[in-house]
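So the structure is just underneath, and the comments pick up after that.
Just so it is clear, none of the values below were taken in a lab; they were calculated from the coordinates. Every value quoted in this text rests on a predicted model; they were computed, and no experiment measured them. With ideal geometry, Cβ positions are generated from the backbone for all residues, glycine too; neighbour counts draw on all protein chains shown.
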Amino acid sequence: GRPADLAGRRLVISAGGTREAIDPVRFIGNRSSGLQGYALARTAVARGAEVVLVAANVALPDPAGVTVVRVESAVELRAAVLEAMEGADAVVMAAAVADFRPSAQSGSKIKKTSAEPEPIHLVKNPDILAELGDRRREGLKPYPSVIVGFAAETDDVLANGRAKLARKGCDLLVVNQVGDNLAFGTPDNAAVVLAADGEQVEIPRGPKEDLADAVWDLVARRLP
Ligand code: C5P
């Protein structure tokens, strides 16, 4: 069985992938299924935690014993995470959040015309993970004691991961090597978890539950 080392802890987990609306029927999205975030939620509950799961466009049933808040866009996800963060011990940002969104959303469906299509202008989305790190650095309450980010990298996985960990000010960064039938939409995952204190744990290819439990092992040791 699992240890009850998260008993009484309040955790916020984001999962899935954001959709950034172009018009009422179209969006810019990504291939995140939410499977890893849901595995984190299930395993955390099994270890005794109270979990708020902020789910962006996930086609999975609500896990038992978890409070699920459904969102669509990065702006909505940010608001839901900040609200759930009140009194939370740790935040795990497993969601794939769009870096950009269309600067304007057409109120009606964009028509196909004989003219050349209009370009879609993009603006930056808030970086929620970096914002959590900033809040903590500035002592701006509420902020979580432990902050965990995810990163999908295709090359220079460790160097890029270390740089991202520092840039985002998180405690743990779970770095996935994408491609090779891993990560997006698959039941298996493999990763290296980098810690701000220098620890580095390699998690071999296996079920997303195994990666989730390895993350909770590292989180539990860092909770005050
Ligand atoms: O910079 P990159 O998108 O690779 O970082 C990934 C991590 O940052 C994930 O934990 C993701 O949830 C988080 N993120 C975020 N807000 C964004 C983009 C990414 O919180 N706008």
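Antiparallel beta bridges, as assigned by DSSP with both residues in the chain, represent about 40 percent of the total such bridges. Judged by the mean number of other Cβ atoms found within 10 Å, the most tightly packed of the peptides 114-120, 65-71, 206-212 leads the ranking 206-212, 65-71, 114-120.
Residues of region 101-142 with an amide N closer than 12 Å to a point placed 7 Å from the Cα of residue 75 along the Cα-to-Cβ direction: 101-106, 123-126. Of the beta bridges in region 1-118, as assigned by DSSP with both residues counted there, near 10 percent are antiparallel. Can you spot the aspartates and glutamates whose alpha carbon is less than 17 Å from residue 141's alpha carbon? Ignore those fewer than 8 places along the same chain. Of all the aspartates and glutamates, those that pass the test against residue 141 - Cα under 17 Å, at least 8 places apart if same chain - are 83, 86, 89, 131.
Could you work out the percent of alpha carbon pairs in the chain separated by over 24 Å, rounded to a whole number? Intermediate values should be presented prior to the final figure.
On the way: 10635 of 24976 pairs.
Above the 24 Å cut-off, the chain has 43 percent of its Cα pairs.
Taking each DSSP H run with n ≥ 4 as -39500 (n - 2.57) and averaging over every residue of the chain yields -8500 deg cm²/dmol at 222 nm. When the charge dipole of region 75-195 is built from unit charges on Cβ atoms (+1 for Lys and Arg, -1 for Asp and Glu) and taken about the Cα centre, the candidate among 132, 94, 148 whose Cα reaches farthest toward its positive end is 132. For region 152-158, the Karplus equation 6.51 cos²θ - 1.76 cosθ + 1.60, evaluated at θ = phi - 60°, returns couplings of 9, 10, 9, 9, 6, 3, 6 Hz by residue, with Gly and Pro reported as x. Put one equal scatterer on each alpha carbon of region 38-126, apply the Debye formula with no solvent term, and list log10 I(q)/I(0) at q = 0.22 1/Å to two decimals. The calculated log intensity ratios at q = 0.22 Å⁻¹ are -1.12.
Look at the alpha carbon pairs under 8 Å that are at least 6 residues apart: their mean separation over the length of region 72-224 gives a relative contact order of 19 percent.
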